[in-house]
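Participant: One structure, pasted below without further comment.
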Amino acid sequence: MVGNRGISFGLVFPGLEIVSALVLLGVFYCWWRGREKGWWLVLLGGAANFGERILTGRVVDYWLIPGTKLYNNLNDYLIFVGLGLVVWEKWKRLK
């Protein structure tokens, strides 16, 4: 288990909470506008990470990514799968 005070790969910068809130608002807008299921997963995972960061000052990553020294949590996977679904849904519409 690892306490991550930053974003992906432990990157930390000033104003992280503000940037995170703005990104969440952008994701909410994309979901509201298009209603793709993938955006809902991104919003859910991002909001859970954001809430944990606001309450505790960090996000706990508890699953080791096989073959690396990197850790993720369920919320990170929701974001990853959600973005994959968004790309898939957009790609299907191009056909």
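Participant: Take the residues in the stretch 23-33 that are surrounded by fewer than 13 Cβ atoms within 10 Å (Cβ to Cβ) and more than 13 Å from the chain's Cα centre (by Cα), then tell me which one is farthest from LEU78 (Cα to Cα).
Facilitator: Among residues in the stretch 23-33 that are surrounded by fewer than 13 Cβ atoms within 10 Å (Cβ to Cβ) and more than 13 Å from the chain's Cα centre (by Cα), the one farthest from LEU78 (Cα to Cα) is ARG33.
Participant: Against the condition at pLDDT below 90, of a type outside the set (Phe, Trp, Tyr), under 26 Å from LYS92 (Cα atoms) and open to solvent by 90 Å² or more (accessible area, probe 1.4 Å), how does LYS37 come out, does it pass?
Facilitator: Yes; evaluated as a whole, the condition is true for this residue.
Participant: Another one. So is GLY6 open to solvent by less than 40 Å² (accessible area, probe 1.4 Å) and at pLDDT 90 or above or not?
Facilitator: no
Participant: Could you check the stretch 54-87 and list, in sequence order, the residues that are part of a helix (DSSP H, G or I) and open to solvent by 50 Å² or more (accessible area, probe 1.4 Å)?
Facilitator: Matches in the stretch 54-87: ILE54, LEU55, THR56, LEU74, TYR77, PHE80, VAL81, LEU83, LEU85, VAL87.
Participant: Of the conditions (1) surrounded by fewer than 17 Cβ atoms within 10 Å (Cβ to Cβ); (2) under 11 Å from the mean Cα position of the chain (by Cα), ASN49 satisfies every one except a single condition; which number is it?
Facilitator: ASN49 satisfies every listed condition except (1).
Participant: Let me ask another. Cβ-Cβ below 7 Å, separation at least six or inter-chain, first residue in the stretch 1-27 and closer than 16 Å to TYR71 by Cα, second of a type in the set (Phe, Trp, Tyr): which pairs?
Facilitator: MET1/TYR62; VAL2/TYR71
The values are calculated or read from the model by the stated rules, or taken from the named source; none is laboratory data. This structure is a prediction, so every number in the text was calculated from the model and none was measured. Virtual Cβ from ideal backbone geometry, glycine too; neighbours counted across all protein chains shown. Note: areas computed on protein heavy atoms with side chains; ligands, DNA, RNA excluded. Shrake-Rupley method; radii C 1.70, N 1.55, O 1.52, S 1.80 Å.
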